[in-house]
Ligand SMILES: [Zn+2]
């Protein structure tokens, strides 16, 4: 629910970029944001749609034009949000994932994290291990 998204997002960023200067905290903020926000909706909403993520990405690119630092910071958040969709398995719900292309109605889908039920327990353990692993990788890369 939490460690799963933290662990998978930072491990992915480390695996892809091998950059200890990367804004990992902002990636984590992005990775936790969709559930943290939509838990108040009571169902999965636009932040579990790939289309929304692409739209946010485009807005970030436009708004931060010519401002390199704020662009890289905001992109770190958006990348975290993308990774949330991946590790949430959001793509398994086609209607939610392609909203609003798949139709404007959301349907009443609960957040994938609640659908997983007890599967969240091993995922949290894996997430904790990934956090430890990534931390060690970052520390050992001098
Ligand atoms: Zn989610």
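The values are calculated or read from the model by the stated rules, or taken from the named source; none is laboratory data. Computed from a predicted model, the values in this text were never measured in an experiment. Neighbour counts are summed over all protein chains in view; Cβ atoms, including those assigned to glycine, are modelled from backbone coordinates with ideal geometry.
Based on what the data block shows, is residue 64 at negative phi and modelled with pLDDT under 95? When the stated conditions are applied, residue 64 does not pass them.
For (1) touching a helix residue (DSSP H, G or I) at 6+ places or on another chain (Cβ under 9 Å); (2) within 12 Å of the ligand (Cβ to nearest atom); (3) modelled with pLDDT of 95 or more, each residue gets a yes or a no:
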{"site": "77", "(1), (2), (3)": "yes, no, yes"}
{"site": "85", "(1), (2), (3)": "yes, yes, yes"}
{"site": "108", "(1), (2), (3)": "no, no, no"}
{"site": "113", "(1), (2), (3)": "yes, yes, no"}
{"site": "117", "(1), (2), (3)": "no, no, no"}
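In the stretch 1-23, the residue that is nearest to residue 111 (Cα to Cα) out of those that are in a loop (DSSP other than H, G, I, E, B) and more than 12 Å from the ligand (Cβ to nearest atom) is 23.
For the structure I just gave you, tell me whether residue 58 is farther than 24 Å from residue 97 by Cα, surrounded by fewer than 17 Cβ atoms within 10 Å (Cβ to Cβ), away from the ligand (no atom under 16 Å from the Cβ) and modelled with pLDDT of 95 or more. So that I can check it myself, show each step before the final result.
Numbers: farther than 24 Å from residue 97 by Cα: no; surrounded by fewer than 17 Cβ atoms within 10 Å (Cβ to Cβ): yes; away from the ligand (no atom under 16 Å from the Cβ): yes; modelled with pLDDT of 95 or more: yes.
When the stated conditions are applied, residue 58 does not pass them.
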